[in-house]
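What follows is calculated from the coordinates using simple rules that are stated; it is not laboratory data. Computed from a predicted structure; not experimentally measured. Virtual Cβ from ideal backbone geometry, glycine too; neighbours counted across all protein chains shown.
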C-alpha cells in the first residue's frame, strides 16, 4: 500500500510537519537583530570614525532586538489575537521611533513616526492573525 507509507521530511529524518518552529523563529530573529544592530550603529556613528563604542552599541541593540523578537514569536501565539497584534505594533513602533531618534530628530517627531509605524504594524499583524484564525 504505497499511499499509506509515512512521509519523510528532508530535514533530519523527521516526519513531515513536525519541524521545530523555534529554530526558524530564532534564525529570523537573529538575522533581523543583526540588521537592526548594524543600522543602529551606523546611525549612532554619524559619519565619524568607527570605534569600539559603535561596535558594542550595535551588538547591544541587535541582541536586545533579537531577544524581544524571539520572545514575541514564542509567547505571542498564546495571547489573544488583539493582544498579539498590539504587542507587535508596540514593538515595531518603539524600534522604528528609536532608530528615527538616532538621526537627531526631535523627541516629538520621533514619537509621531514611532506611533504611526506602530499603528501600521499593529493593523497589519491584526489582519494577518484575523485572516489565519484556526
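Things worth noting here:
- Extending 7 Å from the Cα toward the beta-carbon at both residue 130 and residue 68 defines two label points whose distance is 2.5 nm.
- When Rg and the Kirkwood radius Rh are both evaluated on Cα atoms of segment 41-134, their ratio Rg/Rh stands at 1.07.
- For segment 22-131, relative contact order (Cα pairs under 8 Å, six or more residues apart, normalised by length) works out to 26 percent.
- The label-point distance for residue 111 and residue 59, in a model that sets each label 7 Å from Cα toward Cβ, rounds to 3.4 nm.
- Per-residue extension of 0.36 nm, minus the Cα-Cα distance of residue 38 and residue 104, leaves a gain of 22.0 nm for this segment.
- Maximal additional length on extending the residue 119-residue 28 stretch stands at 30.5 nm, based on 0.36 nm per residue less the C-alpha distance.
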